[in-house]
Amino acid sequence: MNLLIIADDLSGAADCAIGFASAGLHTVVALDTSTDTLGAQVIAIDTDSRRLAPTDAAALTLRAFDALNRPGGRLYKKIDSTLRGNWAAEVAVLQPRAGLAIIAPAFPATGRTLREGRVLVAGAPLESTDTWRLENADREADIEAMLLGAGLTSARLDLQGLRVDPRQLAQHLLNVKESGVQALIVDSETSDDLRTLALATIDLEREVFWVGSGGLAREISALLQPGTFSAADAALAPEPSGSILVMVGSLSAVSDRQCALLKSQSGIAELLVPPAVLRAGPEHHDWRLWQACMIQALDGGSDLLLRIGRDAVFAPAEGERLCTALAAMTAPYFGQVAGLVATGGETARAMLSAAAIGGLQIHQEIEAGVVLGKPLLRAQDRCPRIVTKAGAFGSDQALYRAWQYLNQAGGNHASAHPVKASRSTL
């Protein structure tokens, strides 16, 4: 299978692509359409469009499709399972080119399901979660209304309509398309539901395209004939020795719990960089002092948990700006890093961009939504192993497991000596 995955953030692109890498397909995540994808069968492109205006996000999505779509290839529009970003505008610009949009954001393995067209998180309505309220205030999480606002007509398939023979379901989907409906919202509560949908759509080439999270992608990849590609044979940069850097830009309560467990289990050194320093950039009088703290840990062979602090004027909308500044602060010392764990798509993209890494060869999954990749070959440098994770995803142990894996895989001793000039002394 030749598949193009279009995602709006980096961790989502990797999370959606991992199933296909696990199935033995040559799978690459690219940060730009110009990245050399080394003849990959599955290309996941990050348009980095989650925080843009809808029209700009749609334009980037269409540009990615035109640049990377291949004859006979299939399309998967990766969207956030909690409906963040400009996903409806992005689907709307693809629909005239790709057919009926099959809208299935559920990811049961991570507690996200769809019932009566509404997203539930661990059984609770999406609107009641901190993840939604943090960015959407009083806005309603209504998929049908979002699609209508983007100019798409939609219909809904409930669980009773989904849980039929896949051949019967496939015919129903074709009938829906012929009726003029542009998007079909599909309820799903279990992995078996998503597998039924995958079975019904796998052979509907040029008739439908998939719109979902990593949940549906995994069920589609499980239906494919196993490939023979070995990521170990790919042209990748050599692995360096050194420290493990854990960068957390996400504000979610999930990330907070993961950081707390990582610190308690590993004793890893931690730096919380104040937002005021990052807003001002290198002109801030404490910028070099924070860099000195960072290099003290990395030069000493310690692993480091690097986070963005909070203050009274902090706003979620400035997340990308702060992540970019944190990456710029870190970039001069990135050569000391043997492994990077990046939580939050903005965090991961900012660090890879600052380090001039244009793409990742996807290798394996450490746990659901926690994906290991290696930078595509750069002749001038050695590059670290990279783990990406969406901010609100994963078990409380996710960061600890990723840190532990990188230490074991790299043959490192899990060192986490304290940083002498820590946050409390600044």
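The values are calculated or read from the model by the stated rules, or taken from the named source; none is laboratory data. Everything numeric here is computed off the predicted structure, so don't read it as measured data. Cβ sites come from the backbone with ideal geometry, for glycine too, and all protein chains shown count toward neighbours.
What the table below lists for this structure:
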read-out	value
All strands (runs of 3 or more DSSP E) inside the stretch 250-368 with 3 or more residues being among the β-branched types (Val, Ile, Thr) and in contact with a strand residue (DSSP E or B) (Cβ under 9 Å, 6 or more places away or on another chain)	337-343
Top-ranked residue of the stretch 110-130 - restricted to ones that are within 17 Å of the chain's Cα centre (by Cα) and under 29 Å from PHE65 (Cα atoms), ranked as modelled with the highest pLDDT	ARG112
Counted residues, the stretch 271-316 - those being farther than 30 Å from GLY85 by Cα and either aliphatic (A, V, I, L, M) or surrounded by 20 or more Cβ atoms within 10 Å (Cβ to Cβ) (or both)	10
Among residues of the stretch 33-56, those that are assigned to a loop (DSSP other than H, G, I, E, B) and either farther than 30 Å from LEU148 by Cα or β-branched (Val, Ile, Thr) (or both), counted	10
Cβ-Cβ under 8 Å pairs, at least 6 apart or on other chains, the stretch 203-215 side touching a residue at least 60 places away in the same chain (Cβ under 8 Å) and surrounded by fewer than 17 Cβ atoms within 10 Å (Cβ to Cβ), far side basic (Lys, Arg) and not in a strand (DSSP E or B)	GLU207/LYS177
Of the criteria (1) at pLDDT below 90; (2) surrounded by fewer than 20 Cβ atoms within 10 Å (Cβ to Cβ), which one GLY391 fails	(2)
Residue list for the stretch 128-154, filter: surrounded by 14 or more Cβ atoms within 10 Å (Cβ to Cβ) and farther than 26 Å from THR55 by Cβ	THR129
Failed condition for THR190, given (1) buried (at least 19 other Cβ atoms within 10 Å of the Cβ); (2) under 22 Å from the mean Cα position of the chain (by Cα); (3) modelled with pLDDT of 95 or more	(1)
Number of positions in the stretch 99-109 that are surrounded by fewer than 21 Cβ atoms within 10 Å (Cβ to Cβ) and more than 18 Å from the chain's Cα centre (by Cα)	1
Residue check, ALA23 modelled with pLDDT under 95 and in contact with a Pro (Cβ under 9 Å, 6 or more places away or on another chain)	yes
Total residues in the stretch 205-228, condition of a type outside the set (A, V, I, L, M) and under 23 Å from the mean Cα position of the chain (by Cα)	9
So THR196, is it buried (at least 23 other Cβ atoms within 10 Å of the Cβ), β-branched (Val, Ile, Thr) and more than 20 Å from TRP87 (Cα to Cα)	no
Leading residue by the ranking (nearest to MET329 (Cα to Cα)) among those in the stretch 223-254 that are of a type in the set (S, T, N, Q) and either surrounded by fewer than 16 Cβ atoms within 10 Å (Cβ to Cβ) or modelled with pLDDT of 90 or more (or both)	SER243
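Listed here are the residues, each with its yes/no results for (1) at pLDDT below 95; (2) within 20 Å of GLY73 (Cβ to Cβ); (3) of a type in the set (Gly, Ala, Ser); (4) assigned by TED's automatic domain parsing to the domain that holds ILE103.
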{"site": "ARG156", "(1), (2), (3), (4)": "no, no, no, yes"}
{"site": "GLN160", "(1), (2), (3), (4)": "no, no, no, yes"}
{"site": "GLN182", "(1), (2), (3), (4)": "no, no, no, yes"}
{"site": "ALA198", "(1), (2), (3), (4)": "no, yes, yes, yes"}
{"site": "GLU205", "(1), (2), (3), (4)": "yes, yes, no, yes"}
{"site": "ALA217", "(1), (2), (3), (4)": "no, yes, yes, yes"}
